[in-house]
Each structure stands twice: as C-alpha cells, then as structure tokens.
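Next up is a structure, given as structure tokens.
The values are calculated or read from the model by the stated rules, or taken from the named source; none is laboratory data. Only a predicted model underlies this, so the values are computations on that prediction, with no experimental measurement involved. FYI the Cβ positions are ideal-geometry reconstructions off the backbone, even for glycines, and counts take in every protein chain you see. Side chains are part of the model used for accessible areas, which takes the heavy atoms of the whole protein and leaves out ligands, DNA and RNA. Shrake-Rupley method; radii C 1.70, N 1.55, O 1.52, S 1.80 Å.
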Amino acid sequence: MIFLNINIDKYKNLSRSLSREFINLNPIQRGGILPKEAKKAVYEYWDGYSVCDYCHGRLDEITYPPIKDFLEDIAQFLNMDLARPTHGAREGKFIVMHAICKEGDYVVLDKNAHYTSYVSAERAKLNVAEVGYEEEYPTFKINLEGYKEVVDNLEDKGKNVGLILLTHVDGEYGNLNNAEKVGKFAKNRGIPFLLNCAYTVGRMPVDGKKLKADFIVASGHKSMASSAPCGILAFSEEFSDKITKTSEKFPVKEVEMLGCTSRGLPIITLMASFPYIVERVKKWDEELKKTRYVVDELEKIGFKQLGIKPKEHDLIKFETPILDEIAKKDKRKGFFFYDELKKRGIGGIRAGVSKEVKMSVYGLEWDQVKYVVDSIKQIISLNK
Ligand SMILES: Cc1ncc(COP(=O)(O)O)c(C=O)c1O
C-alpha cells in the first residue's frame with residue numbers, strides 16, 4: 001500500500017514548543033488567547049461538524065447552539081445591521097469584493113493594507129490602487145486625504161471604483177486610522193466602504209455606523225479570543241441582497257458563504273468568548289497605558305518606536321540598533337535576543353531578527369508587563 005512509506009511518528013504527541021506558561025509577545029497572537037469559559041466549550045464541540053446537530057439547512061439560522069442570536073448580537077455590538085460568520089478577515093474581504101464589484105473594477109486601499117487585501121482583490125479579478133503616506137519613515141502615516149486624489153484620477157481615466165478599503169489598524173506599525181474621515185468621503189462619492197478591523201474588533205470599541213462603514217471584517221483568531229480560523233463579516237442592510245444572495249439550485253444556501261462557513265469548533269470559541277470580549281473592549285484605555293509604558297521604558301535603552309506617536313494601538317514596532325550591535329559580537333548572532341527571552345519565559349519575538357522587533361503586551365497583567373520590560377533591560381545590560 002502506498003501510504004506505508006509515510007513516517008507517521010512526527011504526528012504522534014504533537015506538542016506546542018511555545019508552551020502556555022510562556023508570556024507570548026507576538027502581536028498576531030495576543031488577541032486570540034481563549035478565556036477559560038471558551039476553553040471549556042472546546043471539550044463539548046471538538047468533533048467535526050459539531051454545531052450542526054440541530055441545523056435545518058443553514059449555519060446562520062441555527063438556534064442551538066445560539067448562532068442566530070449571536071449574529072444579531074454581534075451586529076449590534078458593532079453597530080451594523082447584519083452579520084455572518086467567516087473563516088477570518090481575509091475571507092470576509094473576498095466575499096465583499098466578489099459580491100459587490102464587477103471584474104476589472106478598482107479597489108482603492110491604503111499603502112499599509114495587509115497582503116490579504118491584495119490577494120482577495122486578485123482572486124476577485126479586481127485592480128488595486130494605493131493611497132500613499134503623508135509621511136514615510138518614521139511614522140508611515142497614511143495620507144487619508146489621498147483617497148480623493150486616487151479616486152478622482154481613476155474616474156478621470158474612466159475607471160470604475162467598486163470599493164474603498166481602509167485598514168483600521170495595520171499589522172506593520174499598528175497605526176490607527178481615522179476611519180470616519182474615509183467613511184464620510186466614501187458616502188459622499190457613493191462608493192461602498194469596507195473597514196478591515198482584523199486588529200481592532202475584539203480589542204477596542206468599534207462603532208460601524210459612526211465610522212460610516214458599509215462593511216466591517218473582523219478576525220476571531222487575531223482579536224476576538226477565538227480559535228482559528230474564524231471571523232465576522234458585518235454589513236449594512238443596503239448591501240444585504242448582494243452579500244446574502246441565495247443559490248438558484250439550492251435556494252436555502254447563501255452563495256457567497258458557499259452554503260455554510262465556520263461549521264464547527266472555531267465559531268463555538270468565538271461565541272463562548274463573546275461576553276469576555278464585550279467586557280474587555282471597555283478596558284482599552286488601560287491597554288494603551290501598558291503599551292505606552294513599554295514604549296517609554298524601552299526608548300530609554302535605545303529602542304525607537306516606529307509608527308504614529310503616541311501609540312493608539314497595542315502593536316508596537318521598534319527599531320532596535322542596540323540589539324543589532326550586540327548581535328554583531330555575540331556568537332549566537334541575532335538569535336541571542338530570542339534565546340535570552342526564552343530563558344526568562346518570554347516568547348513570540350521573531351527568532352534571529354535584531355534590527356527591528358514587533359511586540360504587544362495586550363491583555364497581560366501589569367506585573368507581567370513590568371517583568372517583560374525589566375527582562376529586556378536586563379538582557380541588554382548583561383550582553384552589551
Ligand atoms: C491588518 C490585517 N488584516 C488581516 C489580517 C488577516 O486576518 P485573518 O487571518 O483573519 O484573515 C491580518 C493578519 O495579520 C492583518 O494584520
């Protein structure tokens with residue numbers, strides 16, 4: 001038999017090298033840590049299509065577990081009209097682009113947009129046009145006024161702009177954009193507006209109507225304390241016909257959802273974490289205090305924060321010439337920092353990188369935040 005050549009030992013006893021006892025500073029992972037209530041639900045729902053016990057044809061209509069209610073509640077939480085589960089922010093973006101744009105249309109997006117915004121557009125056979133920076137190094141701040149110029153230029157050339165996309169907070173610098181400004185512009189021009197909230201919904205309060213968003217995409221595993229892959233697409237009533245269009249052959253199934261999206265454990269964790277999320281976004285100011293404390297303290301020892309100052313989001317990117325100097329002398333090269341942090345029970349910093357580091361202390365207790373700062377200071381003073 002062919003499969004006898006497969007070495008299956010590596011699949012036995014899968015264990016995670018970054019153990020749960022570690023303080024994980026990886027910005028893409030800090031917002032996805034499950035509270036204990038959600039961990040308990042995992043035991044009940046870990047089998048395949050576990051949410052489908054009482055399904056009458058469509059995921060968003062399931063009443064037990066309460067997916068139907070949850071979608072109404074999450075829409076309300078985001079101040080949007082309707083919501084559907086997705087497998088993540090990227091799937092939400094693709095759904096919107098595919099449902100509302102025509103092949104060859106332009107998506108106008110910010111230069112800090114995530115790669116998945118570009119790939120979604122490519123998959124939907126759309127073109128992209130970028131809105132650039134007001135300032136490059138060191139803030140990499142997007143010139144929001146630039147949306148008008150880019151749209152005007154395209155329209156002057158007879159191109160159709162099918163969608164305006166803004167990354168609410170980008171994954172490179174953690175810059176928070178004034179979404180309301182872009183939302184108002186989009187409304188005035190009659191162009192649908194998609195706000196990518198992968199890094200905001202579930203971490204900080206987001207009010208879709210205030211920001212004039214027609215669509216909000218959120219990421220369960222990045223920012224809503226859920227297992228991957230899952231997310232939310234919230235949208236306004238105006239676009240519901242296109243987003244929720246049903247199949248001709250299978251009239252109960254929504255085409256853009258390929259019938260049903262998150263049909264098992266991830267959506268359970270998303271729902272089980274919802275009460276926790278509702279509470280934690282109220283503590284956003286405290287999270288910003290922790291973030292700013294880290295920046296202030298580490299700038300004292302030669303780190304330089306990139307992106308807009310003061311921080312309005314927990315993702316911090318530092319330029320770290322001091323680490324680079326040490327790496328040049330240390331036999332472990334750039335790996336010394338990762339190695340020294342690991343000895344102190346801290347993980348999530350990319351191994352081998354010494355010129356720039358990204359980190360987040362979102363959701364850590366103050367004593368843990370101080371421990372991280374003190375550990376980094378100690379590593380530098382002992383190794384330089
Ligand atoms: C700004 C931004 N958008 C989208 C994503 C992708 O999110 P998802 O995995 O939910 O598709 C990321 C991931 O890092 C991101 O930083």
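Please report, ordered by residue number, the helices (runs of 4 or more DSSP H) entirely within the range 287-384 with at least 2 residues that are of a type in the set (S, T, N, Q). Before you say what the answer is, go through the steps one by one.
Details: elements: 321-329, 335-343, 366-383.
The helices (runs of 4 or more DSSP H) meeting that bar are 366-383.
Restricting to the range 49-63, give me the number of residues that are assigned to a loop (DSSP other than H, G, I, E, B), in contact with a helix residue (DSSP H, G or I) (Cβ under 9 Å, 6 or more places away or on another chain) and open to solvent by 60 Å² or more (accessible area, probe 1.4 Å).
So the answer is 1.
To continue, here is another question. Quick test of your reading of the structure: Tyr45 fulfils all but one of (1) hydroxyl-bearing (Ser, Thr, Tyr); (2) within 16 Å of the ligand (Cβ to nearest atom); (3) surrounded by 16 or more Cβ atoms within 10 Å (Cβ to Cβ). Name the failing condition by number.
Here Tyr45 meets the rest and fails (2).
What are the pairs with Cβ atoms under 7 angstrom where one residue, in the range 164-183, is at positive phi and the other, located anywhere, is in a strand (DSSP E or B) and more than 10 Å from the ligand (Cβ to nearest atom)? Sequence gap at least six, or different chains.
Gly174/Ile316; Gly174/Lys317
Separate question: Looking at Leu166, Leu176, which is the one that is more than 10 Å from the ligand (Cβ to nearest atom), among the hydrophobic types (A, V, I, L, M, F, W, C) and buried (at least 23 other Cβ atoms within 10 Å of the Cβ)?
Testing whether each residue is more than 10 Å from the ligand (Cβ to nearest atom), among the hydrophobic types (A, V, I, L, M, F, W, C) and buried (at least 23 other Cβ atoms within 10 Å of the Cβ) leaves just Leu166.
Identify the residue in the range 192-210 that is open to solvent by 10 Å² or more (accessible area, probe 1.4 Å) and either without any contact (Cβ under 8 Å) to a residue 12 or more places away in the chain or away from the ligand (no atom under 16 Å from the Cβ) (or both) and, among all such residues, is nearest to Lys309 (Cα to Cα).
Top of the filtered list is Pro205.
Does Ile346 count as modelled with pLDDT of 95 or more and touching a strand residue (DSSP E or B) at 6+ places or on another chain (Cβ under 7 Å)? Walk me through how you get there before you give the answer.
Working: modelled with pLDDT of 95 or more: yes; touching a strand residue (DSSP E or B) at 6+ places or on another chain (Cβ under 7 Å): yes.
Criteria met by Ile346.
Please tell me if Phe250 is among the aromatic types (Phe, Trp, Tyr) and touching a Pro at 6+ places or on another chain (Cβ under 9 Å). Steps first, please.
Details: among the aromatic types (Phe, Trp, Tyr): yes; touching a Pro at 6+ places or on another chain (Cβ under 9 Å): no.
So Phe250 does not fit the description; no.
Can you find even one residue in the range 143-154 that is within 16 Å of the ligand (Cβ to nearest atom) and within 26 Å of His98 (Cβ to Cβ)?
Kept after step one, since they are within 16 Å of the ligand (Cβ to nearest atom), are these residues of the range 143-154: none.
No, the conditions are met nowhere in the range 143-154.
When you go through Glu91, Glu61, Glu44 one by one, which is the residue that is acidic (Asp, Glu) and under 19 Å from the mean Cα position of the chain (by Cα)?
Details: Glu61 fails: under 19 Å from the mean Cα position of the chain (by Cα); Glu44 fails: under 19 Å from the mean Cα position of the chain (by Cα).
From the options Glu91, Glu61, Glu44, the qualifying one is Glu91.
Give me the residue from the range 1-42 that is open to solvent by 50 Å² or more (accessible area, probe 1.4 Å) and of a type in the set (Lys, Arg) and, out of that set, modelled with the lowest pLDDT.
Among those residues, the one meeting the criterion is Arg20.
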